[in-house]
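What follows is a set of notes on a single structure, which appears directly below.
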Amino acid sequence: MAQDQLQVLNALDVAKTQLYHFTAIVIAGMGFFTDAYDLFCISLVTKLLGRIYYHHKGAPKPGILPPGISAAVNGVAFVGTLSGQLFFGWLGDKMGRKRVYGMTLMIMVICSIGSGLSFGKTPSGVIATLCFFRFWLGFGIGGDYPLSATIMSEYANKKTRGAFIAAVFAMQGFGILAGGIVALVVSGAFKNAYPAPIYSVNNEGSTPQEADIVWRIILMFGAIPALLTYYWRMKMPETARYTALVAKNATKAAFDMSKVLNVEIEAEDDKIEKIVEMQGNNFGLFTKEFLHRHGLHLLGTTSTWFLLDIAFYSQNLFQKDIFSKIGWIPHPETMNALDEVFKIAKAQTLIALCSTVPGYWFTVAFIDRMGRFAIQLMGFSFMTVFMFALAIPYNHWTKKENRIGFVIMYSLTFFFANFGPNATTFVVPAEIFPARLRSTCHGISAAAGKAGAIVGAFGFLYAAQSTDPSKVDAGYPTGIGVKNALIVLGCVNFLGSLFTLLVPESKGKSLEEMSKENGGEEEITKGENAQPIPV
């Protein structure tokens, strides 16, 4: 294959780690910081929205969002994200990574601000506009997934490519952490400025009017990091792999990368023509050739991301409900509105700090040593073990003296989600598909993940309700209970480990070696010790 490799692509593959790699990580990573902040900050304020807009005078407990409203508020951004992943993934292969990259960021900025403004004073008006803007916010976020992953994979060298792509994704952890910190600061400041009695003492007075500003500030803060990144995104040159292999402009690719790498690179237009005209190297997505070469790979990346996100987003969005069930967060009637936001944010921040963020960076450190396959299989396996360890003796964990143990075990499931499939499902689709289909296939894989997130967001909300009608939240039907819901998530994680067997190992290989775009006859293996399969 070496004789067919373009000089510009070979230069990228063997380049030593240098400043432009870290610049690309920061530029792409800040998008993911914003993505995670925007997607997960809503879970910090849903309880507050219920208190403000759905309070019933004289009720023994504070107001909560009705089932349909809660599902919409939590899930509408995921519907938008799924749509954006498919659309911008396809557009990134048609128009180029850079041209589309700025669009997604501006959508995120505008819709973050719009979410916080949410016009109107009536519950229906506020929630309707909130859901409208969060859908389009999700649409912009969706575009960031395939574009950021593809740009980073096409800029990286093959030795440390996994770490670079994982580092971009690891910024999600800081986004989740930032959401908790912002909520802590804002709710803490308002709590001190506008002290209020607890709900059981004064129903009406426990939610001061100023609380309506708190959730708006928390949501709008997501526009700031996105806005700061826009200029630098527009300065990035188009990736050489898109320019050379898709746009077929070897001269432009060599010129751009000569400036980036500070080396002289020859433009090889004649070799471009040879690669493009090579038999079997121009198939489309909906062809038998794609099915033969990459059908099982696409099934592997979509199925594992789908299963992972059912568990991951269920845990993230509803950890406040689980912590309330076991008593780690006090009963809502024993707090005022701002105190509840503060305690929920405190719980999320501790989980993010102790398990979510470290898990991401363990992946960054080990992915190019252990390989993608091993990390993903290990992560799913440990998630399964810890989920069953929480679920089967669930009654044991609900006792007051055992709550800290529950939180530790719950944190470990987050750790191995992030030192595991939550990172690798993002990395692998950006490495194993041809350049002209790379963004599209990553978008399809990511959209399958968001379909799983929608299942988790809507399903867990209902499933975790008590089997006892007297103990369910107002407006909800009876469910299967937290214990059985956790058992279901454990089974989902186990299925994820099985479907991981379809995912090829890409450690140490060039992108063209994985996709066979140079016409080589090498074979892709599933794992370090797996038997080779023809692609």
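Scan region 493-509 for residues that are free of Cβ contacts under 8 Å to residues at least 40 places away in the same chain and charged (D, E, K, R) and jot them down.
Scanning region 493-509 gives no hits.
With (1) in a helix (DSSP H, G or I); (2) crowded, with 16+ Cβ neighbours inside 10 Å; (3) out of contact with any helix residue (DSSP H, G or I) (no Cβ under 8 Å at 6 or more places or on another chain) as the list, and N203 as the residue in question, which single condition is left unmet?
Only one criterion is unmet by N203, namely (1).
Mind listing whichever residues of region 8-43 are within 20 Å of A211 (Cα to Cα) and modelled with pLDDT under 90?
Answer for region 8-43, where residues must be within 20 Å of A211 (Cα to Cα) and modelled with pLDDT under 90: F40, S43.
Out of A178, A226, A170, A196, I need the residue that is touching a residue at least 60 places away in the same chain (Cβ under 8 Å), in contact with a Leu (Cβ under 6 Å, 6 or more places away or on another chain) and open to solvent by less than 60 Å² (accessible area, probe 1.4 Å). Which one? Can you show your working first?
Numbers: A178 fails: in contact with a Leu (Cβ under 6 Å, 6 or more places away or on another chain); A170 fails: in contact with a Leu (Cβ under 6 Å, 6 or more places away or on another chain); A196 fails: in contact with a Leu (Cβ under 6 Å, 6 or more places away or on another chain).
The match here is A226.
When you go through (1) of a type in the set (D, E, K, R); (2) part of a helix (DSSP H, G or I); (3) open to solvent by less than 60 Å² (accessible area, probe 1.4 Å) one by one for E238, which number turns out not to apply?
Condition (2) is where E238 drops out.
Taking only pairs six or more apart or across chains, which ones have beta-carbon atoms under 9 Å, a first residue in region 363-376 that is part of a loop (DSSP other than H, G, I, E, B), and a second residue that is surrounded by fewer than 23 Cβ atoms within 10 Å (Cβ to Cβ)?
G371/E505; G371/K507; G371/G508; G371/G527; G371/E528
For region 138-167, give me each residue that is in a helix (DSSP H, G or I) and either surrounded by fewer than 24 Cβ atoms within 10 Å (Cβ to Cβ) or over 14 Å from the mean Cα position of the chain (by Cα) (or both).
Those that are in a helix (DSSP H, G or I) and either surrounded by fewer than 24 Cβ atoms within 10 Å (Cβ to Cβ) or over 14 Å from the mean Cα position of the chain (by Cα) (or both): F139, T150, I151, M152, S153, E154, Y155, R161, G162, A163, F164.
Going through S466, S506 one at a time, which residue ends up being of a type in the set (S, T, Y), at pLDDT 75 or above, more than 29 Å from L390 (Cα to Cα) and in a loop (DSSP other than H, G, I, E, B)?
Matching residue, one of S466, S506: S506.
For residues that are more than 15 Å from G162 (Cα to Cα) and in a loop (DSSP other than H, G, I, E, B), scanning just region 397-432, find the one that is farthest from the chain's Cα centre (by Cα).
Keep residues of region 397-432 that are more than 15 Å from G162 (Cα to Cα), which gives 397-417.
Okay, now just the ones that are also in a loop (DSSP other than H, G, I, E, B), so 398-399.
On the way: T398: 30, K399: 33 Å.
Residue satisfying both the conditions and the ranking: K399.
Can you tell me which residues in region 199-217 are under 29 Å from the mean Cα position of the chain (by Cα) and without any contact (Cβ under 8 Å) to a residue 24 or more places away in the chain?
Within region 199-217, I213 is the sole residue that qualifies.
Name the one entry in F386, F382 that is farther than 30 Å from E517 by Cβ, in a helix (DSSP H, G or I) and in contact with a Gly (Cβ under 8 Å, 6 or more places away or on another chain).
Working: F386 fails: in contact with a Gly (Cβ under 8 Å, 6 or more places away or on another chain).
Of F386, F382, the one residue that is farther than 30 Å from E517 by Cβ, in a helix (DSSP H, G or I) and in contact with a Gly (Cβ under 8 Å, 6 or more places away or on another chain) is F382.
Tell me the residue from T46, T34, T23 that is touching a Leu at 6+ places or on another chain (Cβ under 7 Å) and under 23 Å from A223 (Cβ atoms), please.
T46
Quick one: in region 246-269, of everything that is hydrophobic (A, V, I, L, M, F, W, C), modelled with pLDDT under 85 and under 33 Å from the mean Cα position of the chain (by Cα), which residue is surrounded by the most Cβ atoms within 10 Å (Cβ to Cβ)?
Restricting to residues being hydrophobic (A, V, I, L, M, F, W, C), modelled with pLDDT under 85 and under 33 Å from the mean Cα position of the chain (by Cα), the top hit is V260.
Name the residue, out of F426, F494, that is hydrophobic (A, V, I, L, M, F, W, C), surrounded by 22 or more Cβ atoms within 10 Å (Cβ to Cβ) and at pLDDT 95 or above.
Step by step, each of F426, F494 is checked, and only F426 is hydrophobic (A, V, I, L, M, F, W, C), surrounded by 22 or more Cβ atoms within 10 Å (Cβ to Cβ) and at pLDDT 95 or above.
The values are calculated or read from the model by the stated rules, or taken from the named source; none is laboratory data. A quick note: this is a predicted structure, and the numbers were derived from the prediction, not measured. We place every Cβ from the backbone using ideal geometry, glycine too, and count neighbours over all the protein chains shown. Just so you know, the surface numbers come from the protein's heavy atoms only, side chains and all, with ligands and any DNA or RNA stripped out. Shrake-Rupley method; radii C 1.70, N 1.55, O 1.52, S 1.80 Å.
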